[in-house]
Structure formats: structure tokens, C-alpha cells
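Notes follow the structure.
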Amino acid sequence: MMEKISDPQLERITDMVARHLGLHFPRERWPDLRRGIYGAAQESGRQDDLPRYVEELLSPTREQTQVLASHLTVGETYFFRENRSLKAFEKYIVPELIRTRTDKAIRVWSAGCATGEEPYSIAITLGKLTPVLEKWDVQILATDLNSKSLQKASAGIYAEWSFRGVPSWVRSAYFEAIEKDRWAIANTIKRMVSFAQFNLMEDLLPPHSGSATHFDVIFCRNVLMYFTPAGTRKAVRQLYRFLANDGWLIVSPTETSHELFSEFAAVSFGDVTLYRKAAAHPGKTLISPFAASGENGSGLRLFEQSFENSETAMAQFCDSTQLRDGGEAHSANAEELSLLNGQAPALHQAGHHADVPQATGTPPSQTDDSKNNDAQAMLRLARECANEGQLAAALVWCDKAIAADKMAARAYYLRATILQEQGSLSDAVFAFRRTVYVEPQFVLGHFSLGSLALNFGKPRESEKYFENVLLLLAQYEPEDIVPESEGLSAGRLREMIVSSRGDRGLTASAKAWQRAFLCAGEPHAAQGKSR
């Protein structure tokens, strides 16, 4: 058994990791840091000489830094994660690049690519435009700190978990089944992406970039949240420097920040905000004329799968004018649920198969099981409407779900999240309280109440709710995914609370994770760390 690393040593290594890698390891995450050091020592064959190895890490070589990084940044993602930003990239940014780039070259960088699902998703998105981009020089660079993640990304072989929420046509069109539960990315897509190890804190230029102002688009999603504040600021300065003039930076919705990206022009594409390296209006949020008008700005016909039937079906449910007016909860009748069930095949074909009940062809009965199924069906429909931006309709379906099942905690939570998005904070507080009343172990319900209390200037009340969250998180391993959080690990949530107590920045994090809930599906059966 290896010797224990002392707290003074861990404190010094924490400073080194922040300086060289930018990663944030407060005292609450020292168990993770200690495990990472042990793993790096074993990989380096230094487990029998741990004291000297730890001392060497205080002034590490590049190789030692890379090995340690591979044990501190074990990440996981999935294809077409946060698809709204990818849609904005496809529908607005790429057509503009095609229209304006006289050199017929597009350069995209996926910074923090983990196991490769993000850059391959970008490649698939661009691959759909092959008839237009046939004579273009399209290059996608994907980088990460973690060499093991890069090895998996370069292999391009994925299991079922990487395809969660992805329409079935994506797998059939761009992957080949090679063995049971394993699929390999098509060579035509794989050739579009090159992988390399890169450290935003230390490396001067991305590999193969040629110049510091090279990239038309940089994706850096779900990366900055793991950095120290100083590391985050340095990374953003680097990304700004690496962008071409008028280039685009795409970050996760959880990482948007007016202060952090003040040098950029924030551009709103409806429900997603991207950042542009533009001299005009830095820091000001602009509304994309293409998003406002529904045009792609180039006259191009985008070569994508057609979901017209299913989208029309979805619109029938998300049109709040076709639903009963008023804020009261209404129970669903047999006709409404029959219509919902009848549209299930179309929604299934569109990739909503996890969110739509199977068609039964029979009206709902009044048994407890049937009522619960009805509530689940309406909650799924509420989530679909919210995902489409139809918040008024989503609220109505939430009310219907609650009327069908008074103990539907997730319906209360979704309702509260929508109300908070709309600015109805007092109503949101009431709905969040109902959430934790009907399900006392609903972690994000307590977290949301604590964040709102902090926003209202009630630190004592917020402390009570955050203590509840920490108590509930004690039941989880650090890498476990918090239910309904769409990828937030228990360790990361614990860190956010402990390191941000008394800091209003926590409220922004809470709102970001609640927005992610609008797009979330059923609670994940598997658990793992999120990139």
C-alpha cells in the first residue's frame, strides 16, 4: 500500500495543478486529487517511491504534467450534446462562412474534446453539407489534456451510452456496427478530424494551427467550469487570441457570462447565446437577424434530415392557443391522451422515442398505475414543449401532469424552472417548495431554493437549503450523476456549494443547470463523470 500524501503536500500540489493545468481542486476535492496522484505514480512506475515523486510534481516535467492530467480529467460526453448550439452553428454560422470565406476554407477547433463525441458531431453536421462544401478545405482540430481520452477519440469506437438521445438515423448513417454494442465512426467523418494533446494554460499555439488567429469557430463547452477563476480568465484570453477576426466562440449554457466574455460580442440566436470576436459592440448582446427572421442568411438549402411530420405533430401540442387558458391545473381527458398516443410513431421517428409513451389505442383508465402513466406522458410532453421554447404550453402540460398525479415531483420542478425563466420568482419558489415537499430527497429542488434565497438576500435561509443538499449528496459517490441534472456530478455540485457559499455567482450556476433540465430526458440509469 502506498504512503499517504500529507495535507501540506496536497496544498502545494493544488497550487501546481492550478498553475500548470488550470484545474480547480479545493480542499473538498482533495480525495479526487489524491487518487489522481496515486494513479499517475502507478502509471509512471513510481508507486514505491511516492515521497520523491510527489516532490518532483511540485516542479513537473511536461511528461509528468500530461500523465497527471490524464488521471485528473477523466471525462465523458455524448454525441450532439447541447444540440441547440450545434443547430445555431449549422443554420447560421456555417452558411455565413460559406458566403464570406473567399479562400474556401473553414477551420473549427474543439477545445476539450474528451473522448471525441463533440468533434465528430461537428464533422457530421458539416458532412450533411457535403454537396456545398465538396471543394472546400474543411479542417476540425480536437484537443484535450487527457491522452487516454484522445486515444479513445482517435479510435472512433463507441458504446450505447455515447448515443443517448441521438436519433437512430445518425447511427445508421455515420457508424458501422463492429461487435455487440460497439459502433465505429465512418471513415469519411473520421478523416475530417485530427486529434492532439493541448494545454490551454501553457501551450502557445494549438497544434497544426499555423497562426494564433486561425480558427473560424472554437467549441469550448463544459471545460471552463472545471478551471480556477484565474485559469478560466487565462483560457478565455487564449481562445480570443486564437480566433480569426469575426470568429465564433461556442461555450456551454452553464458557462455563459457577460463579465467573463466582455471582449466578445454576445449574439443571441433565440434560446442560445454565442460569442463573436468583433470590434463592434463588445460585451453587448446582439440579436441575430437570421434567428429573428427564421432565415439562414445565405440562401442555402441545408442538407438535413426532414422531420416535418413529427415537428408538425409536436407543434400541435406546443401551441398554447390550442390549450385551455388560465393557470389552473386541468386533468387530461381521454381525447387529449388518445391524440398524444396517436402521434407517438411520428415523434419516435424524429428521435423523441425516449420522451413519448407507446401508443395504446385505448383511453386512460382510472387506476393508480394508469394515472401515473398519464402524468408521465404529460410531463414528457411538457418537457418537449419547453425544449421547443413554448414555455406557456409547457406550463399547461405541467399543470395537467400535476392534476393527474399530485406527487409528481418532477412536474413541480419543471414548472418551477419555467416560472423562474419567466421571472415569476415568487411562484417559482412555491413550486420548488412543493417539489421538495413531495420528494424530500430531490437534490436539485433544495439547491434551487438555496440559490433563490441567496438571490433574495437571505443567506441564512440559503444556508439551510445548501446544508440539505450536502446531506443528500453524502449518499452519492463524487462521480455519480445527480438525478435530473443532465450530467452534473455529485462531486462537482458539492464543490460549487462549498466554494461559493455567500457568493451570488452560485445563483447563475443554479439557473444554468435548471435550464439544462428543460432539455433533460428520463433520469440516467448509468452513472459517470461529465466532461
For this session: Scan region 462-481 and give yes if some residue there is at pLDDT below 90, open to solvent by less than 50 Å² (accessible area, probe 1.4 Å) and of a type in the set (Asp, Glu), otherwise no.
Result: yes
Seminar exercise, completed: Among helices (runs of 4 or more DSSP H) completely within region 341-419, the ones holding 1 or more residues that are modelled with pLDDT of 50 or more and of a type in the set (Gly, Ala, Ser) are 368-387, 391-404
Problem set entry | Options 403, 490, 393, 409; residue that is of a type in the set (Gly, Ala, Ser), over 26 Å from residue 29 (Cα atoms), buried (at least 22 other Cβ atoms within 10 Å of the Cβ) and in contact (Cβ under 8 Å) with a residue 12 or more places away in the chain | 393
Problem set entry | Contacts under 9 angstrom Cβ, first residue in region 46-66 being under 13 Å from residue 21 (Cα atoms) and part of a helix (DSSP H, G or I), partner open to solvent by 30 Å² or more (accessible area, probe 1.4 Å) and among the basic types (Lys, Arg), 6 or more apart | 57/12
Exercise. Residues of region 36-77 being open to solvent by 20 Å² or more (accessible area, probe 1.4 Å) and polar (S, T, N, Q), which ones?
Worked result: 42, 44, 47, 59, 61, 64, 66, 73
Exercise. Would you call residue 23 touching a residue at least 40 places away in the same chain (Cβ under 8 Å), out of contact with any Asp or Glu (no Cβ under 8 Å at 6 or more places or on another chain) and open to solvent by less than 60 Å² (accessible area, probe 1.4 Å)?
Worked result: yes
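Can you report the number of residues in region 254-287 which are in a loop (DSSP other than H, G, I, E, B), modelled with pLDDT under 85 and among the charged types (D, E, K, R)?
Adding up the residues that qualify gives 3.
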Exercise. Consider residue 438 against the criteria (1) at pLDDT below 85; (2) open to solvent by 50 Å² or more (accessible area, probe 1.4 Å); (3) under 23 Å from residue 380 (Cα atoms): it satisfies all of them except one. Which criterion is unmet?
Worked result: (2)
Problem set entry | Per-region count, region 139-172, residues more than 22 Å from the chain's Cα centre (by Cα), without any contact (Cβ under 8 Å) to a residue 40 or more places away in the chain and under 21 Å from residue 86 (Cβ atoms) | 1
Exercise. Among the residues of region 192-237, which ones are at pLDDT 85 or above, open to solvent by 30 Å² or more (accessible area, probe 1.4 Å), out of contact with any Leu (no Cβ under 8 Å at 6 or more places or on another chain) and within 26 Å of residue 96 (Cβ to Cβ)?
Worked result: 237
For this session: Please go through region 412-435 and pick out each residue that is polar (S, T, N, Q) and open to solvent by less than 60 Å² (accessible area, probe 1.4 Å).
Result: 417, 420, 424, 435
Exercise. For region 91-173, list the helices (runs of 4 or more DSSP H) that sit wholly inside it and hold at least 3 residues that are under 19 Å from residue 78 (Cβ atoms) and open to solvent by less than 10 Å² (accessible area, probe 1.4 Å); which are they?
Worked result: 117-127
Exercise. Restricting the first residue to region 238-253 and requiring it to be assigned to a helix (DSSP H, G or I), which pairs with a second residue that is hydroxyl-bearing (Ser, Thr, Tyr) and open to solvent by 10 Å² or more (accessible area, probe 1.4 Å) meet a Cβ separation below 8 Å and a spacing of at least six or different chains?
Worked result: 241/213; 242/213; 253/273
For this session: Go through (1) out of contact with any Lys or Arg (no Cβ under 6 Å at 6 or more places or on another chain); (2) at pLDDT below 90 and name the single condition residue 244 misses.
Result: (2)
Problem set entry | Residue list for region 174-190, filter: of a type in the set (Ser, Thr, Tyr) and open to solvent by 70 Å² or more (accessible area, probe 1.4 Å) | 188
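The values are calculated or read from the model by the stated rules, or taken from the named source; none is laboratory data. Note that the structure is predicted; figures quoted are calculated from it, not measured. Positions of Cβ are backbone-derived with ideal geometry, glycine not excepted, and every protein chain shown enters the neighbour counts. Please note that ligands, DNA and RNA were not included when accessible areas were found on the heavy atoms of the full protein model with its side chains. Shrake-Rupley method; radii C 1.70, N 1.55, O 1.52, S 1.80 Å.
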